[in-house]
Amino acid sequence: PPSMFSGIKNNGRSTDTRNSGRKFPLNKAYNAHSEAPYLYVVKEEMSGVITVAYDEIKPIEYFHTQLDEYYTKYFGSFGEMVNAAIKEYPEIKKMCNEFDSKLMAEASSLSEEYEYITSLAYRQAIAAHKLVEDTEGNIIFLSKEDDSNGCIGTLDVTYPSIPLFLKYNPELVKGMLRPIIKYAKSDDWVYDFTPHDVGRYPIANGQVYGNNKLHMQMPVEEAGNMLLCLAAVKKYKNGDTELFDANKDLMEKWVKYLIEFGYDPANQLCTDDFAGRLARNCNLSLKAILGIAAYADLSGDVSYMEKAKEMAKNWEIDAKADHVGTRLTFDNGDGWSMKYNMVWDNILGYKIFTDDVKKNEIKVYTEKMNRYGVPLDSRALFTKIDWLMWSTRIWDDKEYFDKVCKSITNMINETTDRVPLTDWYYTDTAEYRAFINRTVVGGLFINLI
């Protein structure tokens, strides 16, 4: 009701005439097709501040238990939480400004365009998640597939998003992985590889994607994602291997799956499922190899690292293309693709792939660069913004990095599709293909880790 707001006069009708002299009733249902009303505060100490809040009460059903909003961990009521937000506003605003200045300074030290890109992506990467706490007191950080099929807690959405969270709060990465592990340990999960997701938002009771059928799974993709994410948490959270250590039986099953089926993958989906199934996918093979190396890192079992090194050596021979780089698939000498999975070889310090293969990849991408970026692979002209930025960390090439950042800012500024930042668009027209407002843009922060 209007009486809640300080400074509102005239029986709940705003007397503000800044918008062409119009007056809008504040106590009338808002019509989405008309102009929005003003609410404004005239108290000097809170000038320009409006507090808007809502409560989903039980926002998530997590394996058949309805969880409370996270604020209830600290506050006894909704009103108490809102009052605290108002009281703490000046201090928190100051903290936000300091953080903003620090982040933008760090990003701009790489390039002006990179600062521009990360400033646009930051809030989207966080907001497309839901934070709750499970009944055991663990942080659960669930992604929402905002513009595809509504999946919740999707592992191959977690994987590209983690750079931002690794940098600032790796516990949130663990919060993304816990639901997948919990589901994999249940009787409902019947496969020897890692689940894709845990339901459809806001119901996290188990996968419904593709009716949980085998042909809709991403076996090599998700097993590799889990192990690489856990290894990244170990690096960026002071050696933390809690989730790995508590679930060694699952981890061993998944790494053995990668050893048996990962090197030359059968016809299956990967995270780029929008491009269709692909057999003998060289980039997916890369993920399997690095997933095995991640298992060695997490377990301390050097025999797995030796296995990964052997597979990497063979991969460089088998994936060598007729051009200077590597193939899209092992049986296609002309094809090519962005080998974005290779970034972890550098970031995690495994160094099982040679410098030559990495430098040659950048040569191919530079040659294939369009005004709005490098296509994902030789099958189409579209790209993924997260993988495009990841490609700049395959090899330290400042000229290529600058070109990629310029191509992304070209897309942002010149696309005619005025939508929240897309991660899937055409490199020749800047037209968005699909996918907006998704968490994966956290991957754009990979250059800051």
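Observations, loosely collected:
- Verdict on Y122 being open to solvent by less than 10 Å² (accessible area, probe 1.4 Å), under 26 Å from D396 (Cβ atoms), under 17 Å from the mean Cα position of the chain (by Cα) and at pLDDT 95 or above: no
- Contacts under 8 angstrom Cβ, first residue in the range 244-261 being modelled with pLDDT of 95 or more, partner part of a helix (DSSP H, G or I) and of a type in the set (K, R), 6 or more apart: F244/K234; I259/K307
- Pairing residues of the range 226-241 that are in a loop (DSSP other than H, G, I, E, B) with residues that are open to solvent by 30 Å² or more (accessible area, probe 1.4 Å), at Cβ distances under 9 Å and at least 6 apart in sequence or on separate chains, gives K237/E171; D240/E171; D240/K234; T241/K234; T241/S299.
- Remark: pairs (first residue in the range 53-73, more than 15 Å from G175 (Cα to Cα); second residue modelled with pLDDT under 95 and outside any loop (DSSP other than H, G, I, E, B); Cβ separation under 7 Å; 6+ apart in sequence or on different chains) = A53/V82; D55/F78; Y71/M81.
- Residue pairs meeting the criteria (Cβ under 7 Å; at least 6 apart or on separate chains; first farther than 11 Å from N447 by Cα and part of a helix (DSSP H, G or I), in the range 109-125; second charged (D, E, K, R) and open to solvent by 20 Å² or more (accessible area, probe 1.4 Å)): E113/K406
- Residue match in the range 372-394 (condition: within 27 Å of K307 (Cα to Cα), of a type outside the set (S, T, N, Q) and open to solvent by 60 Å² or more (accessible area, probe 1.4 Å)): yes
- When the range 150-188 is filtered for residues that are over 13 Å from F63 (Cα atoms) and hydrophobic (A, V, I, L, M, F, W, C), the ones remaining, listed by number, are C151, L155, V157, I162, L164, F165, L166, L172, V173, M176, L177.
- Test for A85: is it without any contact (Cβ under 8 Å) to a residue 40 or more places away in the chain and among the small types (G, A, S): yes
- Count of residues meeting criterion [within 28 Å of the chain's Cα centre (by Cα) and open to solvent by 80 Å² or more (accessible area, probe 1.4 Å)] in the range 85-96: 3
- Restricting attention to the range 396-449, the residues being closer than 22 Å to T366 by Cβ and of a type in the set (K, R) number 3.
Yes or no, residue by residue, for (1) more than 22 Å from the chain's Cα centre (by Cα); (2) not in a loop (DSSP other than H, G, I, E, B):
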| position | (1), (2) |
| --- | --- |
| D188 | yes, no |
| F193 | no, no |
| V198 | no, no |
| F244 | no, yes |
| M251 | yes, yes |
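- Only one entry in A204, A184, A232, A127 is at pLDDT below 95 and small (G, A, S), namely A127.
- When L214, L269 are checked against the criterion of being surrounded by 17 or more Cβ atoms within 10 Å (Cβ to Cβ) and at pLDDT below 95, a single residue qualifies: L269.
- Qualifying position, being open to solvent by 10 Å² or more (accessible area, probe 1.4 Å), under 23 Å from the mean Cα position of the chain (by Cα) and modelled with pLDDT of 95 or more, among Y304, Y295: Y295
- Residue within the range 140-157 that is modelled with pLDDT of 95 or more and aromatic (F, W, Y) present: yes
- In the range 316-334 there is at least one residue matching the filter, namely being open to solvent by 10 Å² or more (accessible area, probe 1.4 Å), farther than 20 Å from K253 by Cα, of a type outside the set (A, V, I, L, M, F, W, C) and part of a helix (DSSP H, G or I).
- The listed residues are E399, E431, and the only one of them that is open to solvent by 20 Å² or more (accessible area, probe 1.4 Å), under 26 Å from Y350 (Cβ atoms) and not hydrophobic (A, V, I, L, M, F, W, C) turns out to be E399.
Results for (1) closer than 20 Å to A107 by Cβ; (2) modelled with pLDDT of 95 or more; (3) outside any helix (DSSP H, G or I), shown as yes or no for each residue.
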residue	(1), (2), (3)
F353	no, yes, yes
K363	no, yes, no
E367	no, yes, no
A380	no, yes, yes
W395	no, yes, yes
I408	yes, yes, no
I412	yes, yes, no
W424	no, yes, yes
N447	yes, yes, no
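The values are calculated or read from the model by the stated rules, or taken from the named source; none is laboratory data. This one's a predicted model, so the numbers in the text were calculated from it and none came from an experiment. Heads up, the Cβs are rebuilt from the backbone with ideal geometry, glycines too, and the neighbour counts pull from every protein chain shown. Quick note on the areas: whole protein, heavy atoms, side chains included, nothing else; ligands and nucleic acids left out. Shrake-Rupley method; radii C 1.70, N 1.55, O 1.52, S 1.80 Å.
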